[in-house]
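Q: Right, I'll just put the structure down here and ask away after.
No value in this document is a laboratory result; all are computed from the given coordinates. Just so you know, these numbers come straight off a predicted model, no measurement behind them. Cβ placement follows ideal geometry from the backbone for every residue including glycine, while neighbour counts extend to all protein chains displayed.
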């Protein structure tokens, strides 16, 4: 199992299905790398990743699955519904979760991938 991390915080299981699609109508999964930007004025947020709130991470390195409904979102724009036709935000898939490798680190954008 591959996980996506922000720092030492586990942000989800790569491959978990979400209800989201990108601007090209491609399905989005946890671990997919996406580009987030606005329509007008054009503002490129940069590369980010599809994540969830499935885990609570602790200082000692432990990760526990939360109880209740899991929320899926694009890291950095959690409260924005980019799926709405009139949304200012656009999300475009850049790389599928199943193409990432253990240890891949996008430190400039705040996320990485690990199998533990």
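Q: Given 0.36 nm per residue, what is the gain on full extension from residue 109 to residue 96 after removing their alpha carbon distance, in nm?
A: On the way: separation 13, 0.36 × 13 = 4.68 nm, distance 1.65 nm.
Here the answer is 3.0 nm.
Q: Follow-up. Over the chain, what is the mean sequence separation of C-alpha contacts under 8 Å (at least six apart), divided by residue count, expressed as relative contact order in percent? Don't skip to the answer; put the middle values down first.
A: On the way: 247 pairs, mean separation 38.1, N = 116.
Relative CO of the chain lands at 33 percent.
Q: Take each of the peptides 65-74, 47-56, average the number of other beta-carbon atoms within 10 Å over its residues, and list them starting from the highest.
A: Working: 65-74: 12.8, 47-56: 20.8.
The packing order, highest mean first, is 47-56, 65-74.
Q: Name the residues of segment 31-56 whose amide N is less than 15 Å from a point 7 angstrom out from the Cα of residue 9 along the C-beta direction?
A: 49-56
Q: Would you indicate which of (1) 35; (2) 38; (3) 41 is the value of percent of Cα pairs over 20 Å apart derived from the coordinates of this structure?
A: Here percent of Cα pairs over 20 Å apart agrees with entry (2).
Q: Between segment 78-116 and segment 35-51, how far is it from one alpha carbon centroid to the other, in angstrom?
A: The two parts, judged by their Cα centres, are 10 Å apart.
Q: Something else now. Give me 85, 96 sorted ascending by neighbouring Cβ count inside 10 Å, so fewest comes first.
A: Working: 85 4, 96 16.
So the residues, fewest neighbours to most, are 85, 96.
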